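Engineer: Sharing a structure here in structure tokens format.
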Amino acid sequence: MREREIQQGRLAVGLMSGTSLDGVDAALVRISGPAEKPAVRLLAFVTVPYPAAVRLRLLKVAGGVACGVAEISRLNFALGELFAVAALRVCRQGRVSPERLAFIGSHGQTVFHQGLSRSPSGGAGLSQNVSTLQIGEPAIIAARTRATVVADFRPADLAVGGQGAPLLPLVDYLLLRHERYGTVTLNIGGIANVAVIPACATPQKVFGFDTGPGNMVIDGLMRHCTRGQKTYDFGGRLAAQGRAIEPLVAEILRLPYFRRKPPKSAGREQFGQGFLAGHFLCRRSADNKDLLRTATELTARSIVDALKRFVFSQVEIHRLVVSGGGAHNGLLLARLTELLPHLSVQLSDEYGLPLDAKEAIAFALLADRTLHGLPGNMPAVTGARRAVVLGKIVPPSKWMRERLPKL
Ligand SMILES: Nc1ncnc2c1ncn2[C@@H]1O[C@H](COP(=O)(O)OP(=O)(O)O)[C@@H](O)[C@H]1O
Ligand SMILES: [Mg+2]
């Protein structure tokens, strides 16, 4: 990396779409300083919502409904186009020509994720069932933007025995660690995940895991109750009019996922349509608002339970930094604040990381690490046997070619 770029910064775009399947988030950032110790500034942010038809197709594929390889292949290309649209749009919004981009980091869209815990012996070879698939063809993004694209971050971690998730704790460690304050970052997407960064932490002391559902169950109920007209409970307002069915919350919290020790990761496979049907939709006599309230309570309580079980006993925590679309749910945030009276509950906005943009920003930073040959996973977090460089790079652009050693 040239000295000037280290000092003045490199322009990059981070692209992300999570398990909510709501759309593609694109963050235009300027990263400055060495990749080991970056500083990042958000210049522009957009979300390109998935067209309803694409969303339905994704819900089927990611929901495990049997479909042919042709459908997955077509979706991979269709999403590549949408991710490219998001990248170009955020550049336009930030008044930056895509030619000036040093690179794009694209997470893609997870349509399948199964990371099993390692065998106790840490034995060689992957368990047959471990795999992950993110789609949104990076070659299309690269062709439309003419930028170098780093994509497909998770498989490299799975290949060395990790869960492939979560990847955000490294970025949280880089940007939010504090000498005196123990910090938990909480991202409430479709799934909720936490990263734990003790005061004055070294990377080995950081850990993180998925606590369970974030918005996934709430969104699923909203779609069901409104016959697809509404995809989420704005501000948590409908849930606020209902009452939580306490025995149902308690029953669900006894499920093995919540009791299992980290590292662990979850997705639509655990908390998607099957979960919704088995625990909520089967209660035909229950009031919809009560069910929504129950789902919201489940999210809040599963997060707090996980913190009590696996975090507070290990580390002294002072602040909870919340991000993700679920942070817009006022009821959910109010419950978290009530249930965690000894913590300072803050939004990631306070740290220059707007709550909707944080994950997209993170994938720009992870791509920056990849292009510098730095590892992007944290073995203590994912359970991997070692730290590895993540992602695949498509294709070396002019920007990169100038930097490759002459053969
Ligand atoms: N104003 C709002 N009120 C309540 N929930 C919201 C609001 N805005 C977004 N959300 C929730 O956030 C979700 C999107 O969050 P996001 O962080 O993009 O998740 P993911 O990473 O899974 O895509 C939506 O599906 C919805 O559940
Ligand atoms: Mg999203």
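Engineer: Per DSSP H run of n ≥ 4, the term is -39500 (n - 2.57); total these for the chain, divide by its residue number, and report the mean residue ellipticity at 222 nm rounded to 500 deg cm²/dmol.
Structural biologist: Taking each H run of at least 4 residues, the total per residue is -10500 deg cm²/dmol.
Engineer: Return the percentage of antiparallel bridges among DSSP beta bridges fully within the chain, rounded to the nearest 5 %.
Structural biologist: In the chain, DSSP labels about 70 percent of beta bridges as antiparallel.
Engineer: Still on this structure: How far is helix 288-310 tilted, in degrees, relative to the longest principal axis of the Cα atoms in the chain, given as a value from 0 to 90 rounded to the nearest 10?
Structural biologist: Computed tilt is about 60 degrees.
Engineer: Further question on the same structure: Please list, or write none, the lysines whose alpha carbon is within less than 16 Å of the alpha carbon of residue 289, excluding same-chain residues fewer than 8 places away.
Structural biologist: Cα-Cα hits under 16 Å: 230.
Engineer: What's the FRET efficiency of residue 204 with residue 349 using the Cβ-Cβ distance as r and R₀ = 22 Å, to the nearest 0.05?
Structural biologist: Efficiency at R0 = 22 Å is approximately 0.15.
Engineer: Percent relative contact order of the chain, based on C-alpha pairs within less than 8 angstrom and at least six residues apart?
Structural biologist: Working: 868 pairs, mean separation 86.9, N = 407.
Once divided by the residue count of the chain, the mean separation gives 21 percent.
Engineer: So what are the ³J(HN,Hα) numbers for the range 153-170, from phi and the Karplus equation (6.51, -1.76, 1.60; θ = phi - 60°), rounded to whole Hz, Gly and Pro as x?
Structural biologist: These are the phi-based 3J(HN,Hα) values: 7, 7, x, 4, 6, 4, 5, 10, x, x, 7, x, 7, x, 9, 5, x, 5 Hz.
Engineer: Compute the distance from the alpha-carbon center of the range 27-100 to that of the range 337-374, in whole Å.
Structural biologist: Between the Cα centre of the range 27-100 and that of the range 337-374, the gap is 18 Å.
Engineer: Right, something else. Evaluated at 20 °C with a viscosity of 1.002 mPa s, what Stokes-Einstein diffusion coefficient in µm²/s does the range 204-351 have when Rh comes from the Kirkwood expression over alpha-carbon pairs?
Structural biologist: The estimated diffusion coefficient comes to 135 µm²/s.
Engineer: Okay, next question. Could you give the dipole magnitude of the chain about its Cα centre, charging the beta-carbon of Lys and Arg +1 and that of Asp and Glu -1, in debye to the nearest 20?
Structural biologist: Here the chain has a charge dipole of around 500 debye.
Engineer: Among 372, 277, 112, whose Cα projects farthest towards the positive end of the dipole of the chain, with charges put on the beta-carbon of Lys, Arg (+1) and Asp, Glu (-1)?
Structural biologist: The one lying farthest along the dipole's positive direction is 372.
Engineer: While we're on this one: Could you run the Karplus curve 6.51 cos²θ - 1.76 cosθ + 1.60 with θ = phi - 60° over the range 377-390 and give me ³J(HN,Hα) per residue in whole Hz, x for Gly and Pro?
Structural biologist: 9, 10, x, 5, 8, 8, x, 5, 6, 7, 6, 9, 6, 9
Engineer: Report the gain in length on full extension from residue 99 to residue 160: 0.36 nm times residue separation, minus Cα-Cα distance, nm rounded to one decimal.
Structural biologist: Length gained, residue 99 through residue 160: 18.4 nm.
Engineer: Can you compute the FRET efficiency between residue 316 and residue 260 using 1/(1 + (r/R0)^6), with r the Cβ-Cβ distance and R0 = 30 Å? Round to the nearest 0.05. Before the final figure, lay out each step's value.
Structural biologist: Working: r = 24 Å, r/R0 = 0.80.
Taking R0 as 30 Å, the efficiency between residue 316 and residue 260 is 0.80.
Engineer: Another one. If you line up the long axis of helix 52-62 against the longest principal axis of the chain, both from Cα atoms, how many degrees apart are they, to the nearest 10?
Structural biologist: So the helix axis and the longest Cα principal axis differ by about 80 degrees.
Engineer: Placing unit charges on C-beta atoms (Lys and Arg positive, Asp and Glu negative, everything else neutral), compute the dipole magnitude of the range 231-290 about its Cα centre in debye, rounded to 20.
Structural biologist: Details: 11 positive and 6 negative charges, 53 e Å.
Around 260 debye, computed over the range 231-290.
Engineer: Right, next: Residue-wise, which Karplus ³J(HN,Hα) couplings in Hz belong to the range 78-89, taking 6.51 cos²θ - 1.76 cosθ + 1.60, θ = phi - 60°, and x for glycine or proline?
Structural biologist: Running phi through 6.51 cos²θ - 1.76 cosθ + 1.60 with θ = phi - 60° gives 4, 5, x, 4, 5, 5, 5, 4, 5, 5, 5, 5 Hz.
Engineer: What percent of all Cα-Cα pairs in the range 195-274 falls in each 10 Å bin, counting up from 0?
Structural biologist: 14, 36, 31, 16, 4
Engineer: Okay, next question. Can you tell me the dipole magnitude for the range 68-118 around its Cα centre, using point charges on the Cβ only (Lys, Arg +1; Asp, Glu -1), in Debye to the nearest 20?
Structural biologist: Taking the Cα centre of the range 68-118 as origin, the dipole is about 220 debye.
Engineer: Can you find, among 343, 49, 29, the residue farthest towards the positive end of the dipole of the chain? Put +1 on the C-beta of Lys and Arg, -1 on that of Asp and Glu.
Structural biologist: 29
Engineer: Excluding same-chain residues fewer than 8 positions from residue 308, which lysines have a Cα within less than 19 Å of its Cα?
Structural biologist: By straight Cα distance, residue 308 reaches 205, 261, 264.
Engineer: On to the next question. Under 5 Å between amide hydrogens, which residues at least 5 positions from residue 212 or on another chain qualify, with H placed 1.01 Å from N in the peptide plane?
Structural biologist: Here the answer is 192, since their amide H atoms fall under 5 Å of that of residue 212.
Engineer: Along Cα→Cβ, 7 Å out, is where each label goes; now give me the distance between the ones at residue 229 and residue 284 in nm to one decimal.
Structural biologist: Label at residue 229, label at residue 284, 2.3 nm between them.
Engineer: From the mean inverse distance of alpha carbon pairs (Kirkwood) and the Cα radius of gyration, derive Rg over Rh for the range 66-119.
Structural biologist: Taking Rg over the Kirkwood Rh, I get 1.15.
Engineer: Describe numerically, in nm with one decimal, the distance between label points set 7 Å from Cα along Cα→Cβ at residue 69 and at residue 342.
Structural biologist: So the label points at residue 69 and residue 342 sit 5.5 nm apart.
Engineer: Report the calculated FRET efficiency for residue 374 and residue 253 (r = Cβ-Cβ distance, R0 = 56 Å), to the nearest 0.05. Could you put the intermediate results ahead of the total?
Structural biologist: Values: r = 39 Å, r/R0 = 0.69.
Taking R0 as 56 Å, the efficiency between residue 374 and residue 253 is 0.90.
Engineer: Now a separate question. Mind listing the Cα extents of the chain along all three principal axes, in Å, largest one first?
Structural biologist: Over the chain, Cα extents along the principal axes are 69, 48, 45 Å.
Engineer: Still on this structure, I have one more. Hey, if you put +1 on the Cβ of every Lys and Arg and -1 on every Asp and Glu Cβ in the chain, which of 390, 304, 186 ends up farthest toward the positive end of that dipole?
Structural biologist: Selected residue: 390.
Engineer: Let me ask you something else. If you average the sequence gap of Cα pairs under 8 Å that are 6 or more apart and divide by the length of the range 243-377, what percent do you get for the contact order?
Structural biologist: 23
Read-outs: derived from the displayed coordinates by stated rules, not from any lab. From a predicted model like this one, the values you see are computed outputs, not experimental measurements. FYI the Cβ positions are ideal-geometry reconstructions off the backbone, even for glycines, and counts take in every protein chain you see.
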